[in-house]
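Participant: Provided herewith is a single structure, encoded as structure tokens, for subsequent inquiry.
The values are calculated or read from the model by the stated rules, or taken from the named source; none is laboratory data. For clarity, every value in this text was computed on a predicted model and none was experimentally measured. Reconstructed Cβ throughout: ideal geometry from the backbone, glycine too, with neighbour counts over all protein chains shown.
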Amino acid sequence: MAVRYQIVVKNAAGARQGLLANADPLGFSFSRVVNGVGAFALVISGVHPVVAYFVEGGQVEFWREDAAHGIPLYQEAGFLIDDLVEYTQGNESLFQASGVGYNGILARRVVAAYAGSAQAEKTGAAETVIKEYVDEQIVSATDADRQIAGMTIQANAAGGDTIAVYGAWQSLLEVCQRIAAAGGGDFDIVGNGDGAWLFKWFTGQMGTDRSASVIFALNYGNMKEPSWAETKSTSLNAILVAGQGAEADRATVWRETGAPAGITRREAFVDARDVETTTGLNTSGDAKLEESKFAAAFNFQPVQTAAMQYGRDYFLGDLVTAKYLTHQQARKIVSVSVSVNRGAPEVISIGTIANA
């Protein structure tokens, strides 16, 4: 039995309106990204009755089942509906819907607070800080028009590392991404019922550490197209951060990886004039180092086998192990992309990064 999908279409209030089964779409694809914004695209007949239920602000849920491999029906992903297109191809009327993952809600808000204010500058455990930003800019925003009905926040457990964050006037999504990178964890917005969402923090990683049991290798038959590349041309190991003040009185700090010197030292400058403390300057420099640090690029694509199945043995956010030639590395699954076209098998791709 082939993999089976059910696609639930909801209105702007989150109420279920229609259902698409495997045979209905002409094709669809979707992606999920850890600490990022995934997307979906779906094409169906333009005369399908469900077309009427696709509206801006509505939602689409993809439910997946693979009975042959012991995977019961489960919700794989949820998305907001943004764009709708009606068109004709040949003599066929077609309809396309597309949109973004629920983390895209964060990209629709800025940190509407001035530098130096309690809402713009925060210090504390990463989980506490990130949840304060989301609460102040979405859930409890002073301007009622900025609030999103149905958005709640997971109870705070003060997880992650202690960090200082400066987010005045910046994209809320980008601030959350910086907190996750510096704070030792991941975040996600998940569906929490009809017309409801829950913002969550995961100390460590969103998924489970399966590196001892989930191993990808050519000789296991579950890996294809592996490659290993060591590219240092774009990596940085010394960051000069400048804070407040002018000329010789301007506050500066160096943040370095190891003790880089001579020809192997690669420097960059970060303008952090809105940052008031040394801790904040250090955090700004460390974020730039993390963004541009050297890491061998170990790329591969999974092959679905009887012994190793996505949705049963590994998931988005998990830690796994990959082996190729003399290389072995713990990897974090940071993206999953799925595409299904009528008459063709499901195609699953994953993106991984080295586990720090």
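Participant: Can you find a residue that is without any contact (Cβ under 8 Å) to a residue 40 or more places away in the chain, over 30 Å from ALA118 (Cβ atoms) and among the polar types (S, T, N, Q) anywhere in segment 235-243?
Facilitator: No, that holds for no residue.
Participant: Any idea which of ALA155, ALA112, ALA68, ALA126 is of a type outside the set (Ser, Thr, Tyr), farther than 30 Å from ASN22 by Cβ and surrounded by fewer than 16 Cβ atoms within 10 Å (Cβ to Cβ)?
Facilitator: ALA155
Participant: Quick check on this structure: which one of ALA12, ALA23, ALA41, ALA2 is within 29 Å of THR352 (Cα to Cα) and assigned to a loop (DSSP other than H, G, I, E, B)?
Facilitator: ALA2
Participant: Looking at (1) under 30 Å from GLN75 (Cα atoms); (2) surrounded by 13 or more Cβ atoms within 10 Å (Cβ to Cβ); (3) touching a helix residue (DSSP H, G or I) at 6+ places or on another chain (Cβ under 9 Å), which one does VAL275 not meet, given that it meets all the others?
Facilitator: Looking at each condition in turn, VAL275 falls short on (1).
Participant: So, ALA52, is that one outside any loop (DSSP other than H, G, I, E, B), out of contact with any strand residue (DSSP E or B) (no Cβ under 7 Å at 6 or more places or on another chain) and either assigned by TED's automatic domain parsing to the domain that holds GLU174 or of a type in the set (Gly, Ala, Ser) (or both) or not?
Facilitator: So ALA52 fits the description; yes.
Participant: Right, something else. Please count how many residues of segment 134-153 are out of contact with any strand residue (DSSP E or B) (no Cβ under 7 Å at 6 or more places or on another chain) and closer than 22 Å to MET206 by Cα.
Facilitator: Going through segment 134-153 one residue at a time, the tally reaches 0.
Participant: Among the residues of segment 1-30 satisfying the criterion of being farther than 14 Å from PHE54 by Cα and more than 26 Å from the chain's Cα centre (by Cα), which is surrounded by the fewest Cβ atoms within 10 Å (Cβ to Cβ)?
Facilitator: The residue in question is ALA23.
Participant: Is it true that some residue in segment 217-234 is crowded, with 19+ Cβ neighbours inside 10 Å and at pLDDT 95 or above?
Facilitator: Yes, that holds for at least one residue.
Participant: Would you confirm whether any residue within segment 94-108 is touching an Asp or Glu at 6+ places or on another chain (Cβ under 7 Å), among the polar types (S, T, N, Q) and in a strand (DSSP E or B)?
Facilitator: yes
Yes/no per residue for (1) surrounded by fewer than 19 Cβ atoms within 10 Å (Cβ to Cβ); (2) under 23 Å from ASN35 (Cα atoms):
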| site | (1), (2) |
| --- | --- |
| ALA296 | yes, yes |
| ARG312 | yes, yes |
| LEU316 | no, yes |
| VAL320 | no, yes |
| GLN328 | yes, no |
| LYS332 | no, yes |
| VAL338 | no, yes |
| ASN341 | yes, no |
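Participant: Out of all the residues in segment 66-116, which are more than 19 Å from LEU173 (Cα to Cα) and not assigned by TED's automatic domain parsing to the domain that holds ALA39?
Facilitator: Within segment 66-116, just GLY116 meets the criteria.
Participant: Within segment 238-258, does at least one residue satisfy the condition of being among the basic types (Lys, Arg), crowded, with 17+ Cβ neighbours inside 10 Å and not assigned by TED's automatic domain parsing to the domain that holds GLY184?
Facilitator: So far as segment 238-258 goes, yes, one or more of its residues are among the basic types (Lys, Arg), crowded, with 17+ Cβ neighbours inside 10 Å and not assigned by TED's automatic domain parsing to the domain that holds GLY184.
Participant: Under the condition of being of a type in the set (A, V, I, L, M) and modelled with pLDDT of 95 or more, which residue from segment 161-177 is surrounded by the most Cβ atoms within 10 Å (Cβ to Cβ)?
Facilitator: Only one residue fits best here, namely VAL175.
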